[in-house]
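Structure, as structure tokens:
Just so it is clear, none of the values below were taken in a lab; they were calculated from the coordinates. Every value quoted in this text rests on a predicted model; they were computed, and no experiment measured them. Backbone-built Cβ (ideal geometry, glycine too); neighbour counts: all protein chains shown.
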Amino acid sequence: MTLAPIALFVYNRPVHARRTIEALLRNPEARDSELYVFSDGAKDEQAAPKVDEVRRMVGDIRGFRALHVVARERNLGLSASIVSGVGALCRDHGRAIVLEDDLLTAPGFLRFMNDTLARYADDSRVMQVSGYMFPVAPDESNRAAFLPLISCWGWGTWQRAWDAYDPDMKGYFTLEADRALRRRFNLDGAYNYFAMLRQQRAGKIDSWGVRWLLSVFMRNGLVLYPPQTLVENIGFDGSGTHGVSLGESERGIEASSPPVPGAPTAVAVDVGVFEAVKRYLKQSHKGLRPWLARRFGL
């Protein structure tokens with residue numbers, strides 16, 4: 001099996017980026033994977049020294065089959081950087097695994113991502129696979145689950161799916177005119193994603209994530225999640241461009257790989273898991289506002 005290329009998006013956090021890379025290298029599949037590091041240009045003179053430090057550090061990376069560093073001459077911003085980088089890898093390789101510089105991965109992350117990207121490569125219903133899972137009670141069957149909700153914490157997709165990414169949000173007016181559909185987009189009231197679409201349309205935010213969510217939703221797309229998370233975020237220390245300071249990461253991961261998840265019994269929403277995720281989002285609504293803002297590129 002040809003392994004998917006890995007896109008890693010970095011900016012001006014050398015400590016976070018180093019930890020992300022070190023964790024990725026603990027995945028046995030790393031040595032047979034190509035790593036593409038997309039380094040955004042400095043926004044101002046104050047950011048330039050750290051951007052240069054990150055670039056020196058990533059230039060010395062060893063342990064992957066191949067390393068490609070794309071150093072932007074100007075600052076694109078997180079949203080444009082991810083959209084262009086993912087688009088380029090999908091065009092050239094047909095699929096991509098996507099990480100940002102504040103994500104630690106479990107040793108089983110790359111195996112899960114590559115196995116599922118291969119398994120569902122030709123299934124148009126599946127538009128993304130996720131290495132992250134919400135902190136809800138794991139299914140005792142240890143099966144992965146399909147949800148109608150995207151993930152921004154360590155994910156993968158295919159060219160056939162990413163081609164549906166709609167930067168102009170053509171589905172916005174359909175949601176605006178249909179209250180029932182809008183409620184479904186908001187996960188039955190668990191979180192008001194439509195308000196984020198309004199902000200995006202008004203130019204108040206620049207979020208690739210909420211536009212990708214709408215793109216998947218308008219096609220009734222599904223996202224595959226593992227039964228327990230394979231990704232930990234270490235960016236909640238105020239260091240990120242869009243980060244917030246919560247004092248600790250959202251959830252820890254084990255040093256060793258969890259058992260390989262089984263495939264879902266059907267390509268359909270796992271109702272039980274979905275209800276648990278909606279309860280979690282609703283109960284944690286206030287605390288999740290900065291979490292969601294960070295993950296959707298606000």
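In the Gaussian network model of the chain, springs joining C-alpha atoms below 10 Å, which of Ala42, Ala268, Ala202 carries the largest mean-square fluctuation?
Ala202
Treating cross-link reach as a plain straight distance, find the lysines whose alpha-carbon is under 24 Å from the alpha-carbon of Lys204, omitting any fewer than eight places away in the same chain.
The reachable lysines, counting only those whose Cα sits under 24 Å from Lys204, are Lys43, Lys170, Lys286.
Among Arg95, Arg125, Arg62, which one shows the biggest mean-square fluctuation in a GNM of the chain, springs joining Cα atoms closer than 10 Å?
Result: Arg62 has the largest fluctuation of those listed.
Students often forget the sequence filter, so: which aspartates and glutamates lie under 18 Å Cα-Cα from Lys50 once same-chain residues fewer than 8 apart are removed?
Asp40, Asp60, Glu73, Glu100, Asp101, Asp102, Asp237
For Phe173 and Asp44, calculate 0.36 nm times their separation in residues minus their Cα-Cα distance, and state this gained length in nm to one decimal.
42.8 nm
Name the residues whose placed amide hydrogens come within less than 5 Å of the amide hydrogen of Val70, ignoring near sequence neighbours (fewer than 5 apart) on the same chain.
Val37, Phe38, Ser39
For the chain, what is Rg from Cα atoms divided by 2.2 N^0.38 Å, rounded to two decimals?
Taking the Cα Rg and dividing by 2.2 N^0.38 Å, one obtains 0.94.
If neighbour count is taken as other Cβ atoms inside 10 Å, put Glu45, Glu275 in order from fewest to most.
Glu45, Glu275
With labels modelled as points extended 7 Å from the Cα through the Cβ direction, what inter-label distance (nm, one decimal) is found for Arg125 paired with Asp52?
The two pseudo-label positions are separated by 5.4 nm.
Report the gain in length on full extension from Val70 to Asp206: 0.36 nm times residue separation, minus Cα-Cα distance, nm rounded to one decimal.
Extending this stretch completely gives an extra 46.8 nm.
Obtain the nm distance between the two label points defined at Asn186 and Tyr280 by a simple spin-label model: each point lies 7 Å from its Cα along the Cα-to-C-beta direction.
2.2 nm
Springs between alpha-carbon pairs under 10 angstrom, Gaussian network model over the chain: which of Ala276, Ala195, Ala71 fluctuates most?
Ala195
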